[in-house]
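The values are calculated or read from the model by the stated rules, or taken from the named source; none is laboratory data. These figures come from a predicted structure and were not determined experimentally. Neighbour counts are summed over all protein chains in view; Cβ atoms, including those assigned to glycine, are modelled from backbone coordinates with ideal geometry.
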Amino acid sequence: MKRAYVMHRVVVLLAAVWPVAATAGDVVVGDTSALRSALRSLEPGVRVLVEPGVYEGGLYVGGLSGSPGRPIVIGGRDPNNPPEFRGGGQAIHLSDCSHIVLRNLKVRGFPSNGVNIDDGGAFDTPAHHIVLENITILETGPRGNHDALKMSGVDDFVVRRCRFEGWGGSGIDMVGCHRGVVEDCVFVGRQGFEQSNAVQLKGGTTDILVQCCLFRDAGQRAINLGGSTGLEYFRPRVDHYEASRITVAGNRFIGSMAPIAWVTADGGHVHHNTIITPDKWVLRILQETRDQRFRPCHDGVFEQNLVVFDSRVGVFVNVGPGTSPETFRFTGNIWYDLEAGRKPELPLAEEKAIYQPELVFGANWRVDGMVEPADEPLRPVGASGYRRPYLSASILRRRSFDVVSHDPATQAELRHRPVHISQ
């Protein structure tokens, strides 16, 4: 098993650095006009290989569908020199599409959104089986509700190895999205950009795993488990929450006003993350949707995280009105004060908390978040102790996203499986 896993990682690495060789049936394009023409009619299994260069944005693709095992791939031919999209309101808009892969593309300087993926307004028939990988989205906005990646009504998706720098609203904004994975991505805030949050999950979003990402000064709330959505935008319909069954694990957070916020959320499991020097709070528990159909924000779990903080944190958990903080659970976290050795004040007593253990700080820990416990028994705490669940292509064919089960026995089993995500 270990040898197979290593070989898989080698194959992925080689695929990421060598130019893609065209084969019979591929469509190779070298300018905007040829790309627009190619996107008008594509069959399942076709790859559109985009040569390096600068391309105009404003690409709209509607109703395009691959098939199971034969996705339509739109990507840069050379991963080391990806085509760059500039000019227009947004770079690429996929509407009511399925079985599509976008890879090896760069998007820069769009005032509306970078990439927009939606269900075409048909809430009962979401876009589905969408993969984005090795996409870089820079300088979106810079202010207001303008997102690097906007996803509305998208099910069964993966966003992996993508980079987001500078945006107005969200790095990734999910409204009514279901059964998805965001992994191995980097979110970096830039001066002059508003950056409300890096990842927002709202509007009825469920069954999402955010794992092994780096968030550096990535918005006022790096991850917003929930939000405030107009009732007409919930997908497929209004329930009693903005977000439910969200797992945030194995990530590293540096800065942000609050790395984690639960907002009108039903549960949410935040575990095995490393949180470095938040600007004001470690966590927030809020209720921003006032309609009586929504339950107070409740039942979040914060466990086995490593939190390094300083005097900028006065209130550790900001609790807003209309919430149920007494239903939350804190357990097994490491808390380390860089200055005074304070212990956190939490809404309720924590189980098995660990204070001021010896830590190992990497050479660039304020940039890459590489901090871990020095003592072997504590090494399972924090991002370095996270073990990814086993994920395969079959996950995108399931109707239930059981990989993020909150059952303790299931979580224990999943943490000891290697990762394997295939096409």
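Of the residues making up the stretch 112-159, those that are outside any strand (DSSP E or B) and of a type in the set (A, V, I, L, M, F, W, C) are ALA122, PHE123, ALA148. The set of residues in the stretch 90-110 that are farther than 22 Å from GLY153 by Cβ and either part of a loop (DSSP other than H, G, I, E, B) or without any contact (Cβ under 8 Å) to a residue 24 or more places away in the chain (or both) contains only GLY109. Residues considered: ARG284, ARG235. Of these, the only one that is buried (at least 21 other Cβ atoms within 10 Å of the Cβ), among the basic types (Lys, Arg) and assigned to a loop (DSSP other than H, G, I, E, B) is ARG235. Remark: pairs (first residue in the stretch 364-382, on the phi < 0 side of the Ramachandran plot; second residue aromatic (Phe, Trp, Tyr) and part of a helix (DSSP H, G or I); Cβ separation under 7 Å; 6+ apart in sequence or on different chains) = VAL371/TRP365. The residue list GLY87, GLY75 contains one member that is over 27 Å from THR23 (Cβ atoms) and of a type in the set (Gly, Ala, Ser), which is GLY87. Does ARG103 meet the test of being over 26 Å from the mean Cα position of the chain (by Cα), under 28 Å from PRO142 (Cα atoms) and among the basic types (Lys, Arg)? No: the conditions fail for ARG103.
Please count how many residues of the stretch 51-89 are part of a loop (DSSP other than H, G, I, E, B) and in contact (Cβ under 8 Å) with a residue 12 or more places away in the chain.
Let us first name the residues in the stretch 51-89 that are part of a loop (DSSP other than H, G, I, E, B), namely 51-53, 57-58, 63-64, 66, 68-69, 71, 77-83, 87-89.
So of that shortlist, the ones also in contact (Cβ under 8 Å) with a residue 12 or more places away in the chain come out as 51-53, 57-58, 63-64, 66, 68, 71, 77-83, 87-89.
Number of matching residues: 20.
Filtering the stretch 290-303 to residues that are surrounded by fewer than 23 Cβ atoms within 10 Å (Cβ to Cβ) and assigned to a loop (DSSP other than H, G, I, E, B) leaves ARG290, ASP291, GLN292, ARG293, PHE294, ARG295, PRO296, ASP299.
Taking the conditions (1) closer than 11 Å to ILE100 by Cβ; (2) in a strand (DSSP E or B); (3) of a type outside the set (S, T, N, Q); (4) in contact with a Lys or Arg (Cβ under 6 Å, 6 or more places away or on another chain) in turn, VAL48 satisfies each one other than (4). If you go through the stretch 306-331 and keep only what is surrounded by fewer than 18 Cβ atoms within 10 Å (Cβ to Cβ) and closer than 22 Å to ALA383 by Cα, you end up with ASP310, ARG329, THR331.
Considering only residues that are among the hydroxyl-bearing types (Ser, Thr, Tyr) and over 23 Å from PRO111 (Cβ atoms), look in the stretch 34-60 and name the one that is modelled with the highest pLDDT.
Of the residues in the stretch 34-60, the ones among the hydroxyl-bearing types (Ser, Thr, Tyr) are 37, 41, 55, 60.
Filter again for over 23 Å from PRO111 (Cβ atoms), leaving 37, 41.
Values: SER37: 96, SER41: 85.
Per the criteria, the residue is SER37.
Run down GLU183, GLU194 and say which single residue is farther than 17 Å from HIS146 by Cα and at pLDDT 95 or above. Going through GLU183, GLU194 in turn, just one is farther than 17 Å from HIS146 by Cα and at pLDDT 95 or above: GLU183.
Listed here are the residues, each with its yes/no results for (1) surrounded by 13 or more Cβ atoms within 10 Å (Cβ to Cβ); (2) of a type in the set (Asp, Glu).
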residue	(1), (2)
ASP26	yes, yes
VAL29	yes, no
SER33	no, no
ALA38	yes, no
VAL46	yes, no
VAL50	yes, no
GLU56	yes, yes
GLY62	no, no
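Take the conditions (1) surrounded by fewer than 24 Cβ atoms within 10 Å (Cβ to Cβ); (2) assigned to a loop (DSSP other than H, G, I, E, B); SER244 misses just one of them, which is (2).
Restricting the search to strands (runs of 3 or more DSSP E) fully inside the stretch 312-352 and requiring at least 1 residues that are in contact (Cβ under 8 Å) with a residue 24 or more places away in the chain and farther than 22 Å from GLY267 by Cα gives 334-337.
Take the conditions in contact with a Lys or Arg (Cβ under 7 Å, 6 or more places away or on another chain), at pLDDT 95 or above and under 27 Å from ARG108 (Cβ atoms) and apply them to LEU64. Does it pass? Lay out the reasoning, then the answer.
Numbers: in contact with a Lys or Arg (Cβ under 7 Å, 6 or more places away or on another chain): no; at pLDDT 95 or above: yes; under 27 Å from ARG108 (Cβ atoms): yes.
Against the criterion (in contact with a Lys or Arg (Cβ under 7 Å, 6 or more places away or on another chain), at pLDDT 95 or above and under 27 Å from ARG108 (Cβ atoms)), LEU64 does not qualify.
If I filter the stretch 80-89 for residues that are surrounded by 23 or more Cβ atoms within 10 Å (Cβ to Cβ) and over 18 Å from TRP167 (Cβ atoms), do I get at least one hit? It would help to see each step written out before you state the result.
To start, the set of residues in the stretch 80-89 that are surrounded by 23 or more Cβ atoms within 10 Å (Cβ to Cβ) comprises 83, 85.
Narrowing further to those that are over 18 Å from TRP167 (Cβ atoms): 83.
Taking every residue of the stretch 80-89 in turn, at least one turns out to be surrounded by 23 or more Cβ atoms within 10 Å (Cβ to Cβ) and over 18 Å from TRP167 (Cβ atoms).
Of the listed requirements (1) in a strand (DSSP E or B); (2) over 21 Å from PHE215 (Cα atoms), GLY171 misses just one: (2).
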